[in-house]
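Below: one structure, written as structure tokens.
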Amino acid sequence: MTLQTLFEQNKERLMSAVSGADAASAVRAMNAELDRILYTFNDQEEDARVRAAADSMIQTAKAACSLADSAGETKIYGRTEYGNTSPDKKRVSKGGLLLLALGLIAAAVTVAGALLLASYASPDSGGLPPRWVLAGVPLLASAALFFAGMLLRGGKGAAKETLHAEVALDATLIYNRLLSVILVMDKQLEEVRSAARQEEKARLREQASALDGAELELLARLLEDAYGRRGEDDQAEEEIAQIRFYLHKKNVEVVDWTADVLRRSGSKETETVSNSGWFDMMPAFSGGTIRPALVADGKLLKKGMASAGRDA
């Protein structure tokens, strides 16, 4: 079973846990899912090297998942569009109108006072007001108008708004990214399995080659003798079984001869693969194996002997 198969089994549960969650919760959900996959995979995998490789890869993937919780400071910008103001934006609040009216009234009173004082400057008034009064009245009117505008501006900005930003996680995007990591891990694990199979084949060949020619010849003769006594000596089958077991521990298989036959599989005919190339065919009254062939990893070590019988 691959990591991808295990990962896809809980697709809906993972997406449900990640959808709408904050980054820290999403990281915990991904780590929990990777732990589940590793536990199930190791429980079914027999090769210790593949289990160790899977454990290392999953730990690396878990460490990489923390990148989802690495967002920095979020900046929010405001934008004002000029020349396209809606009617609602042109409206002034009632409080602003009141402040503007008070400022204008104060300015009007000041100007009226200025005009009244200016009347004293006429020839019929009998005298002039002090110079500081004449200079201060226009300044006072200007100040009244200025503060009226400031009060109006301050009233419009009195309500202060605090802006907050939330980053929503895309559950589908997270699942697809994690699936990509899983696919890469499956590819690496298959390479580990392939290397392990090649090493095992090399080990089997080395063990088989440890049998020298003299030992193979002796065992082949013992098997030929035991095969010849089949059906007559009860000890023959036991001797064959013991020799088979001994050779099996040396990764050498004892192969009997099979005839070439045609067999039906449904509506199709399939030819049975023959192993006649591993045997010297001898004439005999009955067909069968006279001496089995000795084979290691598909390679013939000692040729056998067989007969197809009188019908052949």
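Scanning segment 279-303 for residues that are within 56 Å of the chain's Cα centre (by Cα), under 17 Å from G213 (Cα atoms) and part of a strand (DSSP E or B) yields A293, L294, V295, A296, K299, L300, L301, K302. Only one of the numbered conditions (1) in a helix (DSSP H, G or I); (2) modelled with pLDDT of 80 or more is violated by G103, and that is (2).
Scanning segment 292-311 for residues that are in contact with a helix residue (DSSP H, G or I) (Cβ under 9 Å, 6 or more places away or on another chain) and within 28 Å of R203 (Cβ to Cβ) returns P292, A293, L294, V295, A296, D297, K299, L300, L301, K302, K303, G304. Beta carbons closer than 8 Å, at least 6 apart along the sequence or on distinct chains, pair a first residue in segment 1-30 that is within 20 Å of L183 (Cβ to Cβ) and outside any helix (DSSP H, G or I) with a second that is open to solvent by 60 Å² or more (accessible area, probe 1.4 Å) and among the polar types (S, T, N, Q) for M1/Q44.
Among the residues of segment 39-62, not a single one is within 19 Å of L179 (Cβ to Cβ), open to solvent by 80 Å² or more (accessible area, probe 1.4 Å) and at pLDDT below 85.
The values are calculated or read from the model by the stated rules, or taken from the named source; none is laboratory data. Computed from a prediction, not measured in an experiment: that's the story for all the values here. A quick note on method: Cβ atoms are made from the backbone with ideal geometry, for glycine too, and the neighbour counts reach across all protein chains shown. Accessible surface is based on the protein model in full, side chains and every heavy atom, while ligands, DNA and RNA are left aside. Shrake-Rupley method; radii C 1.70, N 1.55, O 1.52, S 1.80 Å.
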